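> Can you read through this structure? Questions will come right after.
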Amino acid sequence: MTCEACRTIPPVISEGYTPKGTYSDIAGVKTCTQTLQGADLLAARLNAVVLVPDFFNGGGAALEWFPPDTEEKNKALWGFINTHASIPENVEILNKVIAEAKARFSSVKGWAGFGLCWGGKVTVQISGPNSPFLASGQVHPGLVDVEEARKLTIPHIFLASKDEPADAVKAYSKVIASNGIGGHVETYPTMWHGWMGARANLTGEESLAEYKRGVGAIYLHQLQRAGCIVTAVCRSNYDVVAHQGFSLCSPRFGSVTYRPDHTVRSVHDCPRDIEYDYVLVTTKAFPGRIPSLADQLRPVLENRPTTAIVLAQNGIEIEKDIAEAFPSNPIISGVVYLPTIQTEAGVIDHAETLDLLELGTYPARAPESHKRKAERFVDLMVRGGGDAVLFEDIQEARWAKLLLNAAWNPICALSLCTDGGFLLTSEPFARDLTWGIMMEIVALAKAVGIAGVDEEAAKKRFALAERRAREGTGREVSMLQDVRMGRPFEIEAIVGNAVRLGRTCGVSMPRLETVYALAKGRLDALMGAGV
């Protein structure tokens, strides 16, 4: 709100992500303890307490004010900026929060502050004389004022996007470079204002093509960067990768060419005398397919009980077959947020900085040796340059994604509509169908004891499609893309497993069962198995 971009660009609402923190009252301010997706990543990376105070008491700038192109919208927005978002008043509030937090978290050795846009303005003004912080920073800052840089008494990091004024950023850089205190100024020329905050797009998965092969290629790169020796199983892109390697273009990793340490066409081609530490699976999940995934992996897992199996795949109930086939092996279940596309054989486009892998053992109460394997894999992914978070129970993350995937994927595959577009086709029937499916998933989650998948979580996710319907920006979900490209889609892992579990648990799911039967028919017809 303290810059032109904030006053004209609407926020992106995060979807499919389950925050991991808790709320508490600190100095009269509702405060998240280690929560929200970016803060979760920071807490995991640093093993730190991360507090996110809600300065606006659950309020905020309303979406309908953007863009402020009428007198009424402009008045409402500036009224909020000059009251609830007043910089001086919130500097005072932050000081009180820090004072009480230091008393409450007495074991914390040092505190730092980090603000985004408006929050950066608050943070830098508390980073001068007598600052309670050891260091501070701001990202895509609003209303950059070099005088604030001159008052700094602690090291300060300043990360600008392409939308901040270059002359102001340059002036800030000169001050920090010469103040003798320490700090860093950097501009991210491909990033927009808000890329780490309200305008961050931390999803993107459903807009992908050739998603899995791109994911595997990037994870291979991360593991090599972490010092691992990696064997890649390549199929259609084998000839290119074996001779030229992968070419990756990424704002996170740069433009790089790299080659697997070993490249094979099939798991059967892997050397039989090697015992792998991890087998990472990034293919689509097709339960019931012959040969099964377990049979495909058997050559590298049989009589190797310490090799961990990492399933970075969509859906629910995908781990059981692997666990039954390899009961002694550690199984690590993963939920992927990595928007990438293989544009041609061996060429990987990773257009965003997002690279998050949520991981946890299967089952949650696995032996300690299995948990250590999971912790080690998280560490490797982080050391390789990505973000990874370890869950006590990974099923919470899986089911959080299922709220969206089970509802929108089959509906869009059948209707050939985007999510937002579908809501406009037959009001109120389209809305009632989608919302009804989400409520069936909520009921099933409750029946099997999955925390956090409730009506409130569904409302937040459903609001995303409602907003896209209003704005005409509907999303082509992954199953819709697969149908249009004539590719098989993951109806069993995402929807079939859910309806079968529903019948087992006695949960009525008439809407989801209907779209499952229809989508399964479309898949069979698409693959030439139907009439």
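The values are calculated or read from the model by the stated rules, or taken from the named source; none is laboratory data. Nothing here was measured: the structure is a model prediction, and the numbers come from that model. Neighbour counts run over all protein chains shown; Cβ positions are idealised from the backbone, glycine included. What goes into the accessible areas is simple: the full protein's heavy atoms, side chains included, and nothing from ligands, DNA or RNA. Shrake-Rupley method; radii C 1.70, N 1.55, O 1.52, S 1.80 Å.
A quick yes/no check of all residues on (1) among the aliphatic types (A, V, I, L, M); (2) touching a Phe, Trp or Tyr at 6+ places or on another chain (Cβ under 8 Å):
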position: ARG104; (1), (2): no, no
position: GLY113; (1), (2): no, yes
position: SER131; (1), (2): no, no
position: GLY142; (1), (2): no, yes
position: VAL146; (1), (2): yes, yes
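> Going through segment 89-114 one residue at a time, which ones are over 31 Å from the mean Cα position of the chain (by Cα), over 22 Å from PRO155 (Cα atoms) and without any contact (Cβ under 8 Å) to a residue 12 or more places away in the chain?
GLU89, ALA103, SER106
> Can you find a residue in segment 224-234 that is in contact with a Gly (Cβ under 6 Å, 6 or more places away or on another chain), assigned by the TED database to the domain that holds ALA366, of a type outside the set (A, V, I, L, M, F, W, C) and open to solvent by less than 20 Å² (accessible area, probe 1.4 Å)?
No: zero hits.
> Continuing with the same structure: Conditions first: (1) within 22 Å of the chain's Cα centre (by Cα); (2) under 30 Å from TRP65 (Cβ atoms). ASP482 passes all but one, so which condition is the exception?
Among (1) within 22 Å of the chain's Cα centre (by Cα); (2) under 30 Å from TRP65 (Cβ atoms), the lone unmet condition for ASP482 is (2).
> In segment 399-412, is there at least one residue being in a helix (DSSP H, G or I) and surrounded by fewer than 21 Cβ atoms within 10 Å (Cβ to Cβ)?
Of segment 399-412, the ones in a helix (DSSP H, G or I) are 399-412.
Those still in the list that are surrounded by fewer than 21 Cβ atoms within 10 Å (Cβ to Cβ) too: none.
No, there is no match, as no residue in segment 399-412 is in a helix (DSSP H, G or I) and surrounded by fewer than 21 Cβ atoms within 10 Å (Cβ to Cβ).
> Determine which member of the set GLU492, GLU456, GLU476, GLU466 is in a loop (DSSP other than H, G, I, E, B) and either acidic (Asp, Glu) or on the phi > 0 side of the Ramachandran plot (or both). Step through it out loud before you land on a result.
Details: GLU492 fails: in a loop (DSSP other than H, G, I, E, B); GLU456 fails: in a loop (DSSP other than H, G, I, E, B); GLU466 fails: in a loop (DSSP other than H, G, I, E, B).
Matching residue, one of GLU492, GLU456, GLU476, GLU466: GLU476.
> Could I ask something else about it? With respect to ARG487, is the statement that it is of a type in the set (Lys, Arg), open to solvent by less than 70 Å² (accessible area, probe 1.4 Å), over 22 Å from THR425 (Cα atoms) and not in a helix (DSSP H, G or I) true?
On the way: of a type in the set (Lys, Arg): yes; open to solvent by less than 70 Å² (accessible area, probe 1.4 Å): yes; over 22 Å from THR425 (Cα atoms): yes; not in a helix (DSSP H, G or I): yes.
For ARG487, the condition - of a type in the set (Lys, Arg), open to solvent by less than 70 Å² (accessible area, probe 1.4 Å), over 22 Å from THR425 (Cα atoms) and not in a helix (DSSP H, G or I) - is met.
> Any residue at all in segment 495-516 that's of a type in the set (Lys, Arg), touching a residue at least 12 places away in the same chain (Cβ under 8 Å) and not in a helix (DSSP H, G or I)?
Scanning segment 495-516 turns up no residue that is of a type in the set (Lys, Arg), touching a residue at least 12 places away in the same chain (Cβ under 8 Å) and not in a helix (DSSP H, G or I).
> While we're here: For SER161, indicate whether it is modelled with pLDDT of 80 or more and of a type outside the set (Phe, Trp, Tyr). It would help to see each step written out before you state the result.
Values: modelled with pLDDT of 80 or more: yes; of a type outside the set (Phe, Trp, Tyr): yes.
Here the answer is yes, as SER161 does meet what is asked.
Here is a yes/no grid of residues against (1) more than 19 Å from PHE377 (Cα to Cα); (2) without any contact (Cβ under 8 Å) to a residue 40 or more places away in the chain; (3) in a loop (DSSP other than H, G, I, E, B):
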site: SER236; (1), (2), (3): yes, no, yes
site: ASP239; (1), (2), (3): yes, no, no
site: SER247; (1), (2), (3): yes, no, no
site: ARG252; (1), (2), (3): yes, no, yes
site: HIS268; (1), (2), (3): yes, yes, no
site: LYS284; (1), (2), (3): yes, no, yes
site: PRO291; (1), (2), (3): yes, yes, yes
site: PRO305; (1), (2), (3): no, yes, yes
site: ILE309; (1), (2), (3): no, yes, no
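> A further question follows. Suppose we keep only residues that are closer than 13 Å to ALA413 by Cα and of a type outside the set (A, V, I, L, M, F, W, C) within segment 495-523. Which one would you say is farthest from the chain's Cα centre (by Cα)?
Initial filter on segment 495-523 (closer than 13 Å to ALA413 by Cα): 495, 515-523.
Keeping just the survivors that are of a type outside the set (A, V, I, L, M, F, W, C) gives 516, 520-522.
Working: TYR516: 26, LYS520: 28, GLY521: 31, ARG522: 30 Å.
This residue is GLY521.
> Residues of segment 108-120 being buried (at least 24 other Cβ atoms within 10 Å of the Cβ) and modelled with pLDDT of 90 or more, which ones?
The answer is GLY113, and nothing else.
> Select from segment 177-194 the residues that are open to solvent by 70 Å² or more (accessible area, probe 1.4 Å) and part of a loop (DSSP other than H, G, I, E, B) and write down the one among them that is modelled with the lowest pLDDT.
This residue is THR190.
> Please give the number of the condition ASN314 fails out of (1) at pLDDT below 95; (2) open to solvent by 10 Å² or more (accessible area, probe 1.4 Å); (3) closer than 17 Å to HIS221 by Cβ.
It is condition (3) that ASN314 fails.
> So, in segment 153-166, of the ones that are open to solvent by 40 Å² or more (accessible area, probe 1.4 Å) and part of a loop (DSSP other than H, G, I, E, B), which residue ends up farthest from HIS193 (Cα to Cα)?
Kept after step one, since they are open to solvent by 40 Å² or more (accessible area, probe 1.4 Å), are these residues of segment 153-166: 153, 155, 157, 162-163, 165-166.
Checking the rest, the ones that are also part of a loop (DSSP other than H, G, I, E, B) come to 153, 155, 162-163, 165.
On the way: THR153: 26, PRO155: 23, LYS162: 7, ASP163: 6, PRO165: 11 Å.
The extreme case among them is THR153.
> Among VAL169, VAL91, VAL122, which is the only one that is assigned to a helix (DSSP H, G or I), assigned by the TED database to the domain that holds LEU51, in contact with a strand residue (DSSP E or B) (Cβ under 6 Å, 6 or more places away or on another chain) and closer than 22 Å to PHE55 by Cβ? Write out each step before concluding.
Details: VAL169 fails: closer than 22 Å to PHE55 by Cβ; VAL91 fails: in contact with a strand residue (DSSP E or B) (Cβ under 6 Å, 6 or more places away or on another chain).
Exactly one of VAL169, VAL91, VAL122 is assigned to a helix (DSSP H, G or I), assigned by the TED database to the domain that holds LEU51, in contact with a strand residue (DSSP E or B) (Cβ under 6 Å, 6 or more places away or on another chain) and closer than 22 Å to PHE55 by Cβ, namely VAL122.
> Across segment 275-304, which residue is surrounded by the most Cβ atoms within 10 Å (Cβ to Cβ) among those that are charged (D, E, K, R) and under 28 Å from the mean Cα position of the chain (by Cα)? Walk me through it before giving the result.
To start, the set of residues in segment 275-304 that are charged (D, E, K, R) comprises 275, 277, 284, 289, 295, 298, 302, 304.
Adding the requirement that they be under 28 Å from the mean Cα position of the chain (by Cα) leaves 277, 284.
Details: ASP277: 13, LYS284: 19.
Top of the filtered list is LYS284.
> While we're here: Could you check how many residues of segment 413-447 are assigned to a helix (DSSP H, G or I), at pLDDT below 95 and open to solvent by 40 Å² or more (accessible area, probe 1.4 Å)?
Going through segment 413-447 one residue at a time, the tally reaches 0.
> Conditions first: (1) open to solvent by 10 Å² or more (accessible area, probe 1.4 Å); (2) touching a Cys at 6+ places or on another chain (Cβ under 8 Å). ILE348 passes all but one, so which condition is the exception?
Single failed check for ILE348: (1).
Residues are listed down the side, and each one gets a yes or a no for (1) out of contact with any helix residue (DSSP H, G or I) (no Cβ under 9 Å at 6 or more places or on another chain); (2) open to solvent by less than 10 Å² (accessible area, probe 1.4 Å); (3) assigned to a helix (DSSP H, G or I); (4) touching a residue at least 40 places away in the same chain (Cβ under 8 Å):
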site: ASP321; (1), (2), (3), (4): no, no, yes, no
site: SER328; (1), (2), (3), (4): yes, no, no, no
site: GLU352; (1), (2), (3), (4): yes, no, no, yes
site: GLU358; (1), (2), (3), (4): no, yes, no, no
site: HIS370; (1), (2), (3), (4): yes, no, yes, yes
site: ALA374; (1), (2), (3), (4): yes, yes, yes, yes
site: LEU380; (1), (2), (3), (4): no, yes, yes, yes
